[in-house]
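Each remark here refers to the structure printed beneath this line.
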Amino acid sequence: MSLWSRIANALRPDRLSRDIDEEFQSHIEEAMAQGREAAEARRAFGNTLRQREESRDARLIRWLDSLRADTVFGWRQLMKKKVSTTAAVLSLALAMGACASAFRIIDALLLRPLPISDPDRLYAISFENTGMDGINGEYDSCSYPMFLRSREAVKQQADLIAVSYADRTDLTYGSDRDMERAHTQYVSGTMFPLFGLSPAAGRLFTQSDDITPGAHPYAVLSYDYWWHRFGRDAAIVGKSFRLGENLFQIVGVAPASFSGTETGTVTDIFLPIAMKNPRTIASPDNFWLRSFVKLRPGALPEAVYDRLRVTWRAVQAERAAGFVNMSKANREHFFAEKILLQPAAGGRSNLQRDYKHALGTLAILVALVLLIACTNLANLMTARAAARAREMALRVSIGAGRWRLMQLVLMESAWLAALSSALGAVFAWRSAPVIVSMISPADDPIRLTLAADWRTLAFGLALAIAVTFLFGLIPALRASAVRPASALKGGEEPHSRGRLMHILIGAQVAFCFLVLFVAGLFEGTFERLSNQPTGFSAEGVLDLETTTSPAQPAAYWNEVAERLRSIPGVEKVAIAAWPLMSGEASVDKISVDGAPAGDIMSDFLYVSAGFAGALKIPILEGREFLSSDFNPSVAIVNHAFAKQFFGGANPTGKWFERSGPAGKRIRIQVVGLIPDARSRDNFRRAIRPTAWVPFQSVDAQNVSQPKARGAFVVRTAVGDPLSLARVLREAVSRTRPGFHVANIRTQAEINRSNTLRERLLAILALFFAGVALLLAGVGLYGVLDYSVLQRRREIGIRIAIGAKSGDIARDVTTKILLSLGLGALAGIGLGLAGARYVQSLLYEVKASDPHMLAAPALGIAAVALLALLRPVIRAVKTDPASMLRFD
Amino acid sequence: MPKRDSLQGSLDLLVLKTLLRRPRLHGYAIMSAISEHSGEVLRAEEGSLYPALHRMEEAGWIRAEWIKKDTGRRARVYELTAAGRKQLLAEESRWQAVTGAVNRVLRTV
């Protein structure tokens with residue numbers, strides 16, 4: 001016999017009992033066979049029941065046995081009330097699933113360490129500054145010279161790793177006709193060795209791949225890309241591809257676990273940083289890479305930070321010395337910038353920066369919904385336990401311990417939690433990818449590893465246990481504290497139990513109010529942002545982002561545009577350097593009338609003739625560009641520009657200057673005025689002064705400059721512009737060899753992609769607000785229904801002695817309305833306090849706006865009315881005669 | 001014969017000793033053997049033998065097996081294990097030590 005047999009016996013106690021009984025029986029029979037009287041033998045045997053209990057206790061694990069018994073009993077209790085059990089399980093499953101789903105995404109994006117050696121020693125450099133418009137900004141880009149200086153400064157304590165942003169680039173494994181896109185990332189040669197990674201095939205970069213600019217045309221593929229693009233072709237090493245001017249040779253494949261340091265993006269191809277454009281590498285003003293810091297063992301981050309800060313201040317001072325005509329305010333602002341050194345075990349990406357706060361907020365909302373669901377269940381379990389007060393009292397009277405009673409009630413809660421966990425897991429499994437796709441731009445989906453690993457499982461288990469105790473503990477404590485004497489008399493003080501329920505209802509209403517309030521703020525923000533006027537018409541507009549290899553003269557670009565105009569369904573075609581609101585911008589300082597350039601920058605857009613028409617932007621004064629206009633010569637400016645630089649006067653015919661090559665200033669004449677139209681991607685910032693200049697340009701010798709990239713802006717007259725995508729794509733590459741459409745998006749989609757986060761917050765917050773409201777309604781109904789049921793005798797007596805309906809209604813609802821009111825007040829307090837935390841996610845909505853507080857209050861009031869109506873009617877319609885006969 | 005538990009503290013020892021001499025006995029036979037060899041002096045409530053047997057079985061001192069008797073009925077028979085033999089030696093020497101000590105006290109006082 002062993003532990004196992006005792007566990008087995010605990011799980012099948014009936015068999016054990018039979019076994020023992022049979023042995024006892026064989027003893028008696030043996031006695032009778034020896035000629036003894038049956039009655040005498042039984043007497044001599046003693047108390048069979050006691051002997052059996054003792055034997056059982058010897059042969060099984062007692063606590064396991066009682067646990068099993070309570071598990072079975074708990075299940076039976078649940079099955080007795082199938083409807084309320086199902087409702088409870090569904091609501092809890094929804095809340096738990098949402099929690100698990102939120103955890104999966106937050107874990108995948110922010111918490112899970114990169115699969116590298118010692119991720120906790122990995123840090124990243126970033127910079128923080130308050131922008132001129134008061135919006136706090138954090139960015140993490142460095143120039144390469146700055147990186148080299150920093151690397152030199154801390155080389156005793158840490159290694160620095162430069163990693164460029166993962167860019168979608170066009171490259172080809174064959175001819176120019178077979179261009180394709182891949183996420184490429186330039187990395188320091190030391191990255192792979194410092195991360196302790198070993199290749200899945202071939203070799204990885206080393207320090208020697210990163211020495212002479214332009215001299216290391218090698219590439220390492222990510223495992224994911226190797227798999228999906230090449231089917232894990234073993235002969236991949238040695239193949240080559242062309243990217244821009246360079247031919248790269250593939251030297252190896254990174255290990256399967258590692259997909260780059262930019263969480264949310266899977267890097268396809270790693271390139272040595274020395275292969276970046278030499279001008280970019282040398283430029284102190286081109287900020288294009290992230291700096292990771294891998295501390296040596298034993299090095300202190302503070303010491304490394306101090307050295308980095310000193311170096312960075314020196315670099316800053318040098319840069320500032322090069323600035324001319326910088327205003328005092330601007331200079332102060334420049335030096336107010338701070339350098340930060342933050343742990344980066346989970347990698348570093350803009351996705352993390354943009355969604356950290358939003359996901360944190362959603363997690364809090366989800367946790368509140370879970371609390372609301374738990375409150376409901378706590379009340380349900382309390383009511384059920386109260387209904388069983390006599391049974392509990394009986395158990396105590398015949399010797400059940402307090403702990404055993406608690407276990408009995410907790411097991412029932414554990415069942416609910418277990419069932420809900422299982423259902424919630426399915427929900428989390430299905431919903432997390434949906435949420436990720438909601439925030440993914442359609443043409444470049446976010447890639448997060450949503451693995452069901454031990455982290456997710458551990459979280460799920462911890463959640464289930466926490467939830468069990470959260471809603472099960474109070475009812476269990478109450479049940480175990482039953483006093484047999486009073487309970488068996490039928491007079492357990494019902495008011496104290498009612499008090500607990502009302503406190504829980506108050507808390508529930510407060511949480512519900514908070515969720516509704518925050519949802520209202522997010523909805524308002526999304527509404528305002530997405531209804532912001534853009535100043536142009538995106539409807540029916542397609543943007544064909546096009547690259548050429550090599551760069552093509554403007555005449556060829558115009559030829560392609562002309563060809564596109566002849567396609568049926570196409571109304572207008574223009575060319576721009578990049579689509580509006582796609583996130584790209586070019587800025588420059590402006591001066592007027594020979595005055596020194598001020599601090600205010602202007603945006604520059606490079607557009608062809610017909611651009612205003614294609615986007616239905618009206619020309620207010622002057623004229624559109626002509627096909628004979630070349631940059632630099634003329635410009636069309638917007639209202640903000642006219643206001644900023646010409647005092648609001650009609651600017652057509654006037655001149656301004658911008659910087660040209662070699663420090664020269666270029667004179668440009670304004671030929672047209674347009675209203676403010678949005679070209680930047682951030683809806684939260686005001687539209688900036690913007691000047692359009694012609695797409696086609698000439699250099700100082702008046703020689704036309706070829707262009708390697710641009711976007712055809714196509715206004716279509718068909719219902720679904722994307723239905724023309726294939727025809728347009730083919731037309732572009734067929735008209736002129738060397739032209740290749742890299743990406744086709746509708747302008748509407750580009751606009752939408754700038755409010756993806758707000759959309760996600762609004763949709764999910766509204767969804768959770770609905771769930772919270774529903775749960776709160778169910779909770780209110782349940783508690784009032786229960787208290788009416790408890791008091792039906794008292795109500796019956798009151799009616800019998802002449803109480804009016806109004807009095808009864810008032811009487812039964814007083815307490816619940818009080819807790820509702822107090823809960824709502826607490827909710828307002830919580831909301832106003834919590835609004836500060838979400839302020840940076842909001843736009844043009846104020847937490848203190850009475851509107852924002854009124855909506856959730858009305859919502860809760862309406863739901864409360866609906867929920868309370870039935871129990872009140874039931875109370876009022878109580879038939880005194882039948883009630884008084886009842887017990 | 002007064003019906004009281006005269007086996008207090010020594011039941012384990014007696015069961016183990018009995019099973020050492022005569023392996024594979026069922027409960028009734030163990031009880032009969034103890035009673036018989038003690039000249040009917042040592043008796044217990046018959047049923048209390050079983051929790052003791054089951055406890056010793058759990059402890060691994062004895063092992064049990066169901067057999068079919070000639071009469072066709074099933075019986076559970078017990079025999080000593082190696083651990084049981086060791087336990088018997090320990091119990092026996094403990095018993096000797098205790099009774100020796102008690103006897104010394106009885107002689108000298």
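Every number in this text was worked out from the coordinates using simple rules, so none of it is lab data. On a predicted model such as this, the values are computed, not experimentally measured, just so you know. With ideal geometry, Cβ positions are generated from the backbone for all residues, glycine too; neighbour counts draw on all protein chains shown.
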Placing +1 on each Lys and Arg Cβ and -1 on each Asp and Glu Cβ in segment A:513-590, then taking the dipole about the Cα centre, the residue among A:GLY520, A:VAL587, A:SER549 whose Cα reaches farthest towards the positive end is A:VAL587
The ³J(HN,Hα) series, computed from each phi in segment A:743-759 with the Karplus coefficients 6.51, -1.76 and 1.60 at θ = phi - 60°, rounded to the nearest Hz and given as x for glycine or proline, is 7, 10, 9, 7, 4, 4, 5, 4, 4, 4, 4, 8, 10, 4, 5, 5, 5
Taking Cα atoms only, helix A:850-876 is inclined relative to the longest principal axis of chain A by an angle, in degrees rounded to 10, of 20 degrees
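What is the dipole size for the protein assembly as shown, taken about its Cα centre, with +1 at each Lys and Arg Cβ and -1 at each Asp and Glu Cβ, in debye to the nearest 20? Don't skip to the answer; put the middle values down first.
Details: 121 positive and 94 negative charges, 589 e Å.
With only Lys, Arg, Asp and Glu charged at Cβ, the dipole is about 2820 debye.
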Expressed as a whole-number percentage, the relative contact order of chain A with C-alpha contacts under 8 angstrom and at least six residues apart is 14 percent
With R₀ set to 41 angstrom, the calculated FRET efficiency between the beta-carbons of A:TRP227 and A:ALA321, to the nearest 0.05, is 0.20
In degrees rounded to 10, the 0-90 angle between helix A:62-80 Cα long axis and the longest Cα principal axis of chain A is 80 degrees
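Among B:GLU46, B:GLU91, what is the fewest-to-most ranking by other Cβ atoms within 10 Å?
Values: B:GLU46 23, B:GLU91 18.
Ascending number of Cβ neighbours within 10 Å: B:GLU91, B:GLU46.
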With 0.36 nm assigned to each residue of separation and the Cα-Cα distance removed, A:LEU620 to A:ASN330 gains 101.1 nm
In whole angstrom, the spacing between the Cα centers of segment A:293-347 and segment A:648-712 equals 33 Å
Note: A:24-31 gets an average of partner chain Cβ contacts (10 Å, Cβ to Cβ) equal to 6
Projected onto their principal axes, the Cα atoms of the protein assembly as shown stretch, largest extent first, over whole-Å spans of 133, 85, 61
Placing +1 on each Lys and Arg Cβ and -1 on each Asp and Glu Cβ in the protein assembly as shown, then taking the dipole about the Cα centre, the residue among A:VAL220, A:VAL607, A:ALA102 whose Cα reaches farthest towards the positive end is A:ALA102
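Rounded to whole Å and ordered largest first, report the semi-axes of the equivalent ellipsoid of segment B:11-108 derived from its Cα gyration tensor (root of 5λ). Let's see the in-between values first.
Numbers: eigenvalues 153, 52, 22 Å².
Each semi-axis is the square root of five times an eigenvalue, giving 28, 16, 10 Å.
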Flagged as over-length at 22 Å C-alpha distance, from A:LYS239/A:LYS276; A:LYS80/A:LYS815; A:LYS643/A:LYS707; A:LYS815/A:LYS846; A:LYS338/A:LYS664, the pairs are A:LYS80/A:LYS815; A:LYS643/A:LYS707; A:LYS815/A:LYS846; A:LYS338/A:LYS664
Distance in Å, no decimals, from the C-alpha centre of segment A:836-863 to the one of segment A:571-586 is 37 Å
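Once the Cα gyration tensor of segment A:794-887 is diagonalised, what are the square roots of 5 times its eigenvalues, in whole Å and ordered largest first, as equivalent ellipsoid semi-axes? Numbers along the way, then the final one.
Values: eigenvalues 353, 24, 19 Å².
Listed largest to smallest, the semi-axes of segment A:794-887 are 42, 11, 10 Å.
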Listed by chain and number, the residues whose amide H is under 5 Å from that of B:ARG24, excluding neighbours fewer than 5 places away on the same chain and using placed H, are B:TYR78, B:GLU79, B:LEU80
Rounded to the nearest 0.05, FRET efficiency between A:LEU11 and A:LYS80 (Cβ-Cβ, R0 25 Å) equals 0.60
Rounded to the nearest 10, the angle in degrees between the Cα long axis of helix B:49-59 and the longest principal axis of the Cα atoms of chain B comes to 90 degrees
Along the dipole axis of chain A (charges at Cβ: +1 for Lys and Arg, -1 for Asp and Glu; origin at the Cα centre), the most positive-end residue among A:LEU243, A:ALA256, A:SER628 is A:ALA256
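Based on a Kirkwood Rh over C-alpha pairs, give the Stokes-Einstein translational diffusion coefficient of segment A:256-414 at 10 °C and viscosity 1.306 mPa s in µm²/s.
Details: Rh = 23.0 Å.
Rounded, D is 69 µm²/s.
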Excluding residues fewer than 8 positions from B:LYS17 in its own chain, the lysines with Cα under 16 Å of it are B:LYS86
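Could you tell me what fraction of 2.2 N^0.38 Å the Cα radius of gyration of segment B:37-92 comes to, as a two-decimal ratio? Mind dumping the intermediate values first?
Details: Rg = 13.5 Å, N = 56, 2.2 N^0.38 = 10.2 Å.
Against the compact-globule rule of thumb, the ratio is 1.33.
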Footprinting proxy, A:GLU37, A:GLU29, B:GLU58: sorted fewest to most Cβ within 10 Å, the residues are A:GLU37, A:GLU29, B:GLU58
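State, as an integer percentage, the relative contact order of chain B based on alpha-carbon contacts under 8 Å between residues 6 or more apart.
On the way: 106 pairs, mean separation 31.3, N = 109.
Answer for chain B is 29 percent.
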Expressed in nanometres to one decimal, the distance between label points 7 Å along Cα→Cβ at A:SER141 and A:ARG726 is 3.7 nm
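According to the Cα gyration tensor, what semi-axes, each the square root of 5 times an eigenvalue, does the equivalent ellipsoid of segment A:592-701 have, listed from largest to smallest in whole Å?
Values: eigenvalues 78, 65, 38 Å².
Equivalent-ellipsoid dimensions as semi-axes: 20, 18, 14 Å.
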Short to long, in 5 Å steps from zero, the percent of alpha-carbon pairs of segment A:3-60 per bin is 4, 19, 25, 19, 14, 10, 7, 3, 0
Magnitude of the Cβ-charge dipole (Lys and Arg +1, Asp and Glu -1) of chain B about the Cα centre, nearest 20 debye, reported as 180 debye
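With a 10 Å Cβ neighbour count serving as the proxy for reagent exposure, in which order, fewest first, do A:ARG709, A:ARG623 appear?
Result, fewest neighbours first: A:ARG623, A:ARG709.
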Straight-line reach check, A:LYS616, cutoff 18 Å on alpha carbons, 8 or more apart in-chain or any other chain, hits among lysines -> A:LYS572
Reduced to Cα centres, the span from segment A:399-428 to segment A:718-746 in Å works out to 59 Å
